[in-house]
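The values are calculated or read from the model by the stated rules, or taken from the named source; none is laboratory data. In this text the structure is predicted, and so the values were computed from the model without any measurement. Heads up, the Cβs are rebuilt from the backbone with ideal geometry, glycines too, and the neighbour counts pull from every protein chain shown. Quick note on the areas: whole protein, heavy atoms, side chains included, nothing else; ligands and nucleic acids left out. Shrake-Rupley method; radii C 1.70, N 1.55, O 1.52, S 1.80 Å.
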Amino acid sequence: MAIPVIDFSTLNGDKRGETMALLHEACQKWGCFMIENHELDKKLMEKVKQLINIHYEENLKENFYQSEIAKSLDKKQNTSDIDWESAFFIWHRPISNIRNIPNLSEELCQTMDQYIDELLKLAEKLSELMSENLGLEKNYIKEAFSGRNGPAMGTKVAKYPQCPQPQLVRGLREHTDAGGIILLLQDDQVPGLEFFKDGKWVEIPPSKNNAIFVNTGDQVEVLSNGLYKSVVHRVMPDRNGSRLSIASFYNPVAEAIISPSSKLLYPSNYRYGDYLELYGKTKFGEKGPRFESIKNMINGHYK
């Protein structure tokens, strides 16, 4: 089962309609997809990965293998409630904390800031395309996520270290993502990410040519009234290598009030008699406009 691939280079040509339809289907049926030709600076992306790998080797690797997590695996203790990962979280928007994180080099901080500036544009473009596909104003998702300074943006930086007994533990246990649109820059060699679809775990291959892997979180499912899905996924550890994951979250701010768009809701709390009266006048028309008319009626009278 191959995951959908969205070619962003076709969005400005005569294949735009086809690409938008593929994106819509991916959000509905998969809750995830790969983006190619996204126009992010690939040299910058490689530098981000390189610097994070150096940071892990110099500051985190030894501590991980001396941690209680690693010791519990050596002792073959219960590992059902732990994750075989070494991770930290960076906030970028509305306020950055990157220079408060211990041992991050200034070069890594500057490189990550440049990468996020570019990635934020891609996230906003995606939010506009999703809003359009849902029949909403193009800024709908962005505005729903925004506070005074726009949506929130943060990155979970994780290494899933080489694991001597991968059959005993998860890299990251099964979950859905709480937020909005997740954009993943991941390892190009070591696998491990899996999504649950149609009763089966689907392996997501390592990203070649710095393609960006995207999945939608719980808040997109709510805003779309369930049309777009937040899908269960997990990370499996690898016996032969360590996997890099740089997952950036385009999220609502904490004070954002989230609810489904009224345009995507079915009518409710109407008198059936009113519906029958309207149905008699519109029986041979499309039902969508009829539903919209009912939503605009209060006690049998139009607003």
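Here are a few things to note about the model shown:
- Residue check, LEU40 touching a residue at least 40 places away in the same chain (Cβ under 8 Å), over 23 Å from TYR160 (Cα atoms) and open to solvent by less than 80 Å² (accessible area, probe 1.4 Å): yes
- Checked against the criterion of being within 30 Å of ALA254 (Cα to Cα), open to solvent by 50 Å² or more (accessible area, probe 1.4 Å) and either modelled with pLDDT under 95 or among the aliphatic types (A, V, I, L, M) (or both), the candidates ALA144, ALA211, ALA178 yield just one match: ALA178.
- The set of residues in segment 169-216 that are in contact with a Phe, Trp or Tyr (Cβ under 8 Å, 6 or more places away or on another chain), of a type in the set (Val, Ile, Thr) and outside any loop (DSSP other than H, G, I, E, B) comprises ILE181, ILE182, VAL202, VAL214, THR216.
- Segment 1-32, residues that are within 20 Å of GLU203 (Cβ to Cβ) and modelled with pLDDT under 95: MET1, ALA2, ILE3
Per-residue answers, yes or no, for (1) surrounded by fewer than 17 Cβ atoms within 10 Å (Cβ to Cβ); (2) in contact with an Asp or Glu (Cβ under 6 Å, 6 or more places away or on another chain); (3) touching a residue at least 40 places away in the same chain (Cβ under 8 Å):
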| residue | (1), (2), (3) |
| --- | --- |
| ARG239 | yes, no, yes |
| SER245 | no, no, yes |
| SER262 | yes, no, no |
| LEU265 | yes, no, yes |
| SER268 | yes, no, no |
| ARG271 | yes, no, no |
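- Scan of segment 59-68 for residues that are without any contact (Cβ under 8 Å) to a residue 40 or more places away in the chain and either in contact with a Gly (Cβ under 8 Å, 6 or more places away or on another chain) or not hydroxyl-bearing (Ser, Thr, Tyr) (or both), ordered by number: GLU62, ASN63, GLN66, GLU68
- Residue within segment 92-105 that is in a strand (DSSP E or B), open to solvent by less than 40 Å² (accessible area, probe 1.4 Å) and not basic (Lys, Arg) present: yes
Every residue, every condition in (1) surrounded by 15 or more Cβ atoms within 10 Å (Cβ to Cβ); (2) not in a helix (DSSP H, G or I), yes or no:
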{"residue": "LEU23", "(1), (2)": "yes, no"}
{"residue": "MET34", "(1), (2)": "yes, yes"}
{"residue": "GLU46", "(1), (2)": "no, no"}
{"residue": "GLU57", "(1), (2)": "no, no"}
{"residue": "GLU62", "(1), (2)": "no, no"}
{"residue": "ILE69", "(1), (2)": "yes, no"}
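- GLU124 being of a type in the set (Asp, Glu), more than 26 Å from ARG243 (Cβ to Cβ) and touching a Pro at 6+ places or on another chain (Cβ under 9 Å): yes
- Of all the numbered requirements in (1) open to solvent by 50 Å² or more (accessible area, probe 1.4 Å); (2) in contact (Cβ under 8 Å) with a residue 40 or more places away in the chain; (3) out of contact with any strand residue (DSSP E or B) (no Cβ under 8 Å at 6 or more places or on another chain); (4) under 26 Å from GLY192 (Cα atoms), GLN77 misses one, and that requirement is (2).
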